[in-house]
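Inspection log for the structure reproduced underneath, given as structure tokens.
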Amino acid sequence: MLRMLKKMDGVILFVLFLLMIASVFAIYSGTQTDATLARHHIKTLVFYILGFVAVVGIGLVNYKLYVKYAFYLYALGIVLLVLVNFVGGPINNANGWIKLGENLSFQPAELFKLILILFLAHLLVKRQRNTLGFWRDIIPIGCWAFVPFALVMIQNDLGNALGYVVILAAVLWIGNIKLKHAIIGLVIVAVTFFGFVKAYTTYHDEIFTFLEKIGREHWAERIDPWLVPEKATSKATWHTKNAGLAIGSGGIVGKGYLQGTSVQSGRVPYTYSDSIFVVIAEEFGFVGASVLLLLYFILIHRMVLIGMECKDRAGPVIIVGIIGMLLYQVFENIGAFLGLMPLTGITLPFISYGGTSLLINMACIGLVMSIKLYGDEEEDDLLLGEQKPGLPDRLLHLLRKEKSAL
């Protein structure tokens, strides 16, 4: 075991340690205005310790085992996503939390990011490096990803739902998708995006009225400051406007730790979670924000190197899925306060307060460590030895058989 521990990527572990320090100090600063949040930085430290245990524990197990049995993880994740609709409770407009005690909550949508990455790798491994066919591969794989997407949208969690789409796109990209299919997909995304922007700006009042009727008016409050700030209410612009002013006031080196006037006066909400980047930018300025982004770059760069050294098929797919997930969260979280993206409530990876999010991200790093340890092995019986089709393929076969019988 000691030999395997020595093979783990020391640079990644060191970066995680630095992110832990940044997270604990930023959360402490961001909770000074609310006495009820006084111990959140201590809780974060505890979750980080558990996270490092998860990195080592998951890393020591051959990742091919996770891939082999990913369908059962997928089934468990779907059960949890369905269950949360009956026993879950709302937090910040998202009804996706299962309470584990008086002070602990668990968000299945966060866990499903990791499950989805493993399950998509499970599906793509069976394609044996063949180019993905549109009807044979892309559509069925997309359907498997659509099920959790729909369930999370029902929970009113747009941020995590879009994360599934990014993971799917990243995995298909490395899964040997045809160039023409990739171009068609990009065109569809572009047309859909610009069509949405045009429709929203043109029919804003009608859309806002509809969202009010279905109880989703907070969606408009998040989109309005991004697309139509002139029509946004003062309530809708309060968060992003004050966050932007705080970031700008940080200047080059910031105002100093615990000296951020906007953060410490409470003018920026959720400074311990969604808005934690504002704490870093105001109190440590452009330099502090740049150092944080540099740490993300080093982390992702090391993951890319591990993926390039991996000799089997599943490892690179998993790593690209994880990179896609992390890049989406970083870009969405920071971009929302710079006016580049709408505010969706996505946390900043490894920095924001949130036990579920942090532990899932650390578990993903554990998978990366496992690929580092076992990725230099050629294809073995764990994956190639499965001569029988997996359960997902058997289900598709039965559906096709029923269709042909009709």
>> Given the options Thr261, Thr233, Thr240, name the one that is farther than 30 Å from Leu172 by Cα and either of a type in the set (D, E, K, R) or surrounded by 21 or more Cβ atoms within 10 Å (Cβ to Cβ) (or both).
In response: Thr240
> If Met4 satisfies every condition in (1) at pLDDT 95 or above; (2) surrounded by 14 or more Cβ atoms within 10 Å (Cβ to Cβ); (3) closer than 29 Å to Leu305 by Cβ; (4) not hydroxyl-bearing (Ser, Thr, Tyr) but one, which is the exception?
Replying inline: (1)
>> Taking the criterion of being in contact with an Asp or Glu (Cβ under 6 Å, 6 or more places away or on another chain), touching a residue at least 12 places away in the same chain (Cβ under 8 Å), crowded, with 24+ Cβ neighbours inside 10 Å and not basic (Lys, Arg), would at least one residue in the range 273-284 satisfy it?
In response: no
> Pick from Leu37, Leu18: which is within 30 Å of Ile280 (Cβ to Cβ) and modelled with pLDDT of 95 or more?
Replying inline: Leu18
> Does Lys241 satisfy being under 28 Å from the mean Cα position of the chain (by Cα) and more than 30 Å from Lys126 (Cβ to Cβ)?
Replying inline: yes
> Which of the residues that make up the range 114-135 are more than 14 Å from Gly315 (Cα to Cα) and aromatic (Phe, Trp, Tyr)?
Replying inline: Phe134, Trp135
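Residues are listed down the side, and each one gets a yes or a no for (1) assigned to a loop (DSSP other than H, G, I, E, B); (2) without any contact (Cβ under 8 Å) to a residue 40 or more places away in the chain; (3) over 30 Å from Leu258 (Cβ atoms):
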residue	(1), (2), (3)
Lys43	no, no, no
Val46	no, yes, no
Val53	no, yes, yes
Ile58	no, no, yes
Lys64	no, no, yes
Val67	no, no, yes
Tyr74	no, no, yes
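Restricting to the range 15-33, give me the number of residues that are free of Cβ contacts under 8 Å to residues at least 60 places away in the same chain and either loosely packed, with under 14 Cβ neighbours inside 10 Å or not in a helix (DSSP H, G or I) (or both). Spell out how you get there, then give the answer.
The initial filter retains those residues of the range 15-33 that are free of Cβ contacts under 8 Å to residues at least 60 places away in the same chain, namely 17, 21, 24, 28.
Then drop every residue that is not either loosely packed, with under 14 Cβ neighbours inside 10 Å or not in a helix (DSSP H, G or I) (or both), which leaves 17, 21.
Going through the range 15-33 one residue at a time, the tally reaches 2.
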> Looking at (1) modelled with pLDDT of 95 or more; (2) surrounded by 19 or more Cβ atoms within 10 Å (Cβ to Cβ), which is the only condition Ala70 fails?
Replying inline: (1)
>> Need pairs with beta-carbon distance below 9 Å; first residue basic (Lys, Arg) and within the range 167-194, second surrounded by fewer than 13 Cβ atoms within 10 Å (Cβ to Cβ) and outside any helix (DSSP H, G or I); sequence gap 6+ or separate chains.
In response: Lys178/Thr131
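Those residues that are in a helix (DSSP H, G or I) and crowded, with 22+ Cβ neighbours inside 10 Å, I need them from the range 335-359; list them, please. Walk me through it before giving the result.
The first filter runs over the range 335-359 and keeps only residues in a helix (DSSP H, G or I), leaving 335-337, 355-359.
Once the filter is applied, which keeps residues that are in a helix (DSSP H, G or I) and crowded, with 22+ Cβ neighbours inside 10 Å, the range 335-359 yields Ala336, Phe337, Ser357, Leu358.
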> Does Thr209 count as surrounded by 15 or more Cβ atoms within 10 Å (Cβ to Cβ), in a helix (DSSP H, G or I) and not hydrophobic (A, V, I, L, M, F, W, C)?
Replying inline: no
>> Looking at the range 117-129, can you tell me whether even one residue there is within 17 Å of the chain's Cα centre (by Cα) and either within 21 Å of Glu332 (Cα to Cα) or surrounded by fewer than 23 Cβ atoms within 10 Å (Cβ to Cβ) (or both)?
In response: yes
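Restricting to the range 240-263, give me the number of residues that are in contact with a helix residue (DSSP H, G or I) (Cβ under 8 Å, 6 or more places away or on another chain), part of a helix (DSSP H, G or I) and not β-branched (Val, Ile, Thr).
8
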> Is the range 166-178 home to any residue that is modelled with pLDDT under 85 and polar (S, T, N, Q)?
Replying inline: yes
> Across the range 287-343, what is the total count of residues that are of a type in the set (Val, Ile, Thr) and under 30 Å from Pro229 (Cβ atoms)?
Replying inline: 3
> Say we look at the range 189-223 and pick out the residues that are acidic (Asp, Glu) and at pLDDT 85 or above; which of these is farthest from Gly335 (Cα to Cα)?
Replying inline: Glu206
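The values are calculated or read from the model by the stated rules, or taken from the named source; none is laboratory data. Not measured: the values here are computed from a predicted model. No Cβ is skipped: glycine too gets one built from the backbone with ideal geometry, and neighbour counts run over all protein chains shown.
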